[in-house]
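Remarks on the structure that follows.
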Amino acid sequence: MNGIMRFWIYYRVGGVMIAVINDVSFQYPFITIESAVENMHRFLDICKRIEKDEITNIREIKTGLIDSQLEIGPDYKLIQLIQEFKGREEKSLLLSILTNRGTYQEEKGDLFIIDGKESAICSRGIDNILISLLSNYIFSMPVVKGIVGEKGVELRNLSKDEHIDYYRNELGLRRYVANEKKHKFDRENPYGKGKTGSRMDLCDKEAQELLNKAVNIKGRLYAKKNGYYYAFQNERDIDYHGYRADDLGEDIKRQLDREFYDKCRK
C-alpha cells in the first residue's frame, strides 16, 4: 500500500462507528462569504443525514474544540456565519454539532497531522469516519490523507453527499425493495412445491422506516411493529425485501420485545 495504512480495512462489517468532525477543515478560509455559507450548508446536510435513521452504523457525532473566532471568509468569522444562519432549527443544530455534541477532550496519544496541521480529534477517525467542511481540495475525496505517529494514513471522509453513497455499506444504509411476487400484502402466497410466502402487510414507506430500525440477530435483520414480527432479507448490496415472520423462535421474539418496547403497542 506504498507505506500508507488504510485503517478502514480493519472495520468489521455490521460494527458501529462514530462520526468525527474534522476540526482541521475549519482552518481554511473561503475566498467569498457566499462560498462559506454554501459549503457550511453542505456540511450541515451531511450531519443531518448521519443523524437520520437511514444511517444505521453511526452511534454518535463527536467534535473537538473548534474556535468560533476562526476566519471562515474575508473578515468573516465562524460565529458570524452561525449567527446569520437562516432558520432557528438549523442554527441550533449547527451550534450543537460544533460546540457541545459529545465534545472530545484531548487525551495523551498520537496526533493526526493533515497538511502540517495537528488534530487530536481526527486521530479518533481511525476505525471511524470523518465529516469535513469542504474548505480545501484535500477534503474533497472520500479519504483524507495524513500522518499519525510518523506513519502515513488514510481515513474515511464525508464532505459530499456522494461520499455517503460511496460508504453506503460501512454506514449501514438499507434500501427496501418489495418482493410482491413472493410476499403478498393481504395473504400468504403458495408458490413452488409445498412452499408458502409470508405476507408483507406494510406499505413501502412503512417497511423502509421499519427496516432502518431493524436489529441484527444471528445474521438476519428483524423488527417489530404493531405487535407483529418482521424479517428483512438481503438481496444485493444494500437492497432488502421483508415479510411477516410469525414463526420466529421465542428467544428472538423476546429480544425484539425488549428492543421495540417503546415503539409498539399491542
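The values are calculated or read from the model by the stated rules, or taken from the named source; none is laboratory data. A quick note: this is a predicted structure, and the numbers were derived from the prediction, not measured. We place every Cβ from the backbone using ideal geometry, glycine too, and count neighbours over all the protein chains shown. Side chains included, ligands, DNA and RNA excluded: accessible areas come from the protein's heavy atoms. Shrake-Rupley method; radii C 1.70, N 1.55, O 1.52, S 1.80 Å.
Counting the residues of segment 37-51 that are open to solvent by 20 Å² or more (accessible area, probe 1.4 Å) and over 25 Å from P74 (Cα atoms) gives 3.
Can you find a residue that is under 23 Å from the mean Cα position of the chain (by Cα) and either among the aromatic types (F, W, Y) or farther than 20 Å from V16 by Cα (or both) anywhere in segment 246-261? So far as segment 246-261 goes, yes, one or more of its residues are under 23 Å from the mean Cα position of the chain (by Cα) and either among the aromatic types (F, W, Y) or farther than 20 Å from V16 by Cα (or both). Selection of segment 225-266 for residues being in a strand (DSSP E or B), in contact (Cβ under 8 Å) with a residue 40 or more places away in the chain and either loosely packed, with under 12 Cβ neighbours inside 10 Å or among the charged types (D, E, K, R) (or both) yields E235, D239, R244. Across segment 200-219, the qualifying residues are those that are under 23 Å from E250 (Cα atoms) and among the basic types (K, R), and the one among them that is most open to solvent (accessible area, probe 1.4 Å) is K218.
Only one of F85, F139 is in contact with a Ser or Thr (Cβ under 7 Å, 6 or more places away or on another chain) and touching a residue at least 40 places away in the same chain (Cβ under 8 Å); which?
Selected residue: F139, the only one of F85, F139 that is in contact with a Ser or Thr (Cβ under 7 Å, 6 or more places away or on another chain) and touching a residue at least 40 places away in the same chain (Cβ under 8 Å).
Taken together, the residues in segment 114-147 that are β-branched (V, I, T), over 21 Å from the mean Cα position of the chain (by Cα) and open to solvent by 20 Å² or more (accessible area, probe 1.4 Å) amount to 2. If the condition is being part of a helix (DSSP H, G or I) and either among the small types (G, A, S) or open to solvent by 70 Å² or more (accessible area, probe 1.4 Å) (or both), then segment 52-89 contributes Q83, R88, E89.
Any residue at all in segment 22-35 that's of a type in the set (A, V, I, L, M, F, W, C), within 21 Å of V153 (Cβ to Cβ) and either loosely packed, with under 14 Cβ neighbours inside 10 Å or at pLDDT 95 or above (or both)? Give the steps one after another, and end with the answer.
Initial filter on segment 22-35 (of a type in the set (A, V, I, L, M, F, W, C)): 24, 26, 30-31, 33.
Cutting the leftovers down to within 21 Å of V153 (Cβ to Cβ) gives us 24, 26.
When the remaining residues are screened for being either loosely packed, with under 14 Cβ neighbours inside 10 Å or at pLDDT 95 or above (or both), the result is 24, 26.
Within segment 22-35, one or more residues are of a type in the set (A, V, I, L, M, F, W, C), within 21 Å of V153 (Cβ to Cβ) and either loosely packed, with under 14 Cβ neighbours inside 10 Å or at pLDDT 95 or above (or both).
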